[in-house]
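Working notes, beginning with the structure itself.
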Amino acid sequence: MPRRLSAVLSPAEALPPAATALVVDVIRATTTAAFLLAVGARELVLTAEVAQARAEARRRGALLAGERGGLPPEGFDLGNSPAEATPERVRGRAVVMTTTNGTRAALRAAGAAQRVGLAALVNAGAAVRWAAAREGDLVLVAAGREGRAALDDAYVLGALVAGFRVLEPGVRLDDGARLAQALFLAHPEPRPMLSASAAAEALAAVGLAADVEACARIDALALVPELAAREGAALRFRPVYPKGV
């Protein structure tokens, strides 16, 4: 029987059993995570809370990255902007990251799936191939926004579903996956969709509207941040480069 591909569009939904999960917080956590590893971060560690992030950074001698309300908390080295992920600032360093929605979604997925990857538009093709190479059922997890479904993340889930069906036309979709795919197919140009989201409006309000453009780039990167270890309340990710990307 063909395997199942599910899409969880809201943080309020329960995650179905699955061997592999792809987590999406396109504006901006999973986009920034991919860029941090692409420019040479030694490792990326995700935590849910600011206090946890500070403790992990001290323990590891790591850079602190992330946001609350779109902006970096006091004392953080980096925010949650792809533009800040530069080799000069990041190469060879461990980075500990905490965000309002994305890192929580990753922790949630890690509690339900054996394997976890981080996906966005910038690495959509790589993420699809990474997931397709793993056995068992798959679940796409949208981080959403403040506990509710988010247009931008649902759209990216649709892009992943559409890409996956090219590789495995017989995959069984749940209704969430069908809904996300329909959204993507109806609006194939990502910039207007991301720009129309509440996340984009919130970034504009704090002067970071340019980040939306960076998040709307399709297949700019050929890597997937893959969960390497669960370390207490933290998740450590490494870059993986799927074949054929």
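The values are calculated or read from the model by the stated rules, or taken from the named source; none is laboratory data. Nothing here was measured: the structure is a model prediction, and the numbers come from that model. As a convention, Cβ positions derive from the backbone with ideal geometry for all residues, glycine included, and neighbour counts pool all protein chains shown. With ligands, DNA and RNA removed, areas are computed over all heavy atoms of the protein, side chains included. Shrake-Rupley method; radii C 1.70, N 1.55, O 1.52, S 1.80 Å.
Here are a few things to note about the model shown:
- Using C-alpha pairs below 8 Å separated by at least 6 residues, the relative contact order for the range 41-90 is 23 percent.
- Under 5 Å, built H, 5+ apart or other chain: amide partners of Glu43: Ala94, Val95
- Sequence of Glu226, Glu201, Glu49, Glu88 from largest to smallest accessible area, 1.4 Å probe: Glu88, Glu201, Glu49, Glu226
- Where only DSSP H runs of four or more residues are counted, the chain gives -10500 deg cm²/dmol as its mean residue ellipticity at 222 nm, each run worth -39500 (n - 2.57).
- Look at (1) 0.94; (2) 1.61; (3) 1.03: the one that is Rg/Rh (Cα atoms, Kirkwood Rh) derived from this structure is (1).
- Taking the accessible area of the range 1-152, probe 1.4 Å, and keeping the other protein chains in place, the carbon and sulfur fraction comes to 50%.
- Approximating the spin labels as points 7 Å out from Cα along Cα→Cβ, the Glu213-to-Leu15 distance works out to 3.5 nm.
- Excluding ligands, DNA and RNA, the accessible surface per residue across the chain is 41 Å² with a 1.4 Å probe.
- Protein heavy-atom surface of the range 165-245, 1.4 angstrom probe: 57% of the accessible area is carbon and sulfur, with nucleic acids and ligands not counted.
- Burial ranking of peptide ranges 30-40, 70-80, 117-127 (average Cβ count within 10 Å, highest at the top): 117-127, 30-40, 70-80
- Accessible area (Å², 1.4 Å probe, nearest 10) - Arg108: 80
- FRET efficiency for Ala83 and Glu135, using Cβ-Cβ distance with R0 set to 45 Å, rounded to 0.05: 0.75
- Between Gln114 and Arg68, the simple label model (points 7 Å from Cα in the Cβ direction) yields a spacing of 3.8 nm.
- About its Cα centre, the chain has a charge dipole of approximately 720 debye under the convention of +1 per Lys or Arg Cβ and -1 per Asp or Glu Cβ, with nothing else charged.
- Between Ala228 and Arg191, the simple spin-label model (points 7 angstrom out along Cα→Cβ) gives 3.6 nm.
- When Arg28, Arg238, Arg93 are compared by accessible area at a 1.4 angstrom probe, the order from most to least is Arg238, Arg93, Arg28.
- Sequence-separation-based contact order of the chain, relative, with Cα cut under 8 Å and 6+ spacing, percent: 32
- Tyr155, Tyr241, ranked by accessible area, largest first (probe 1.4 Å): Tyr241, Tyr155
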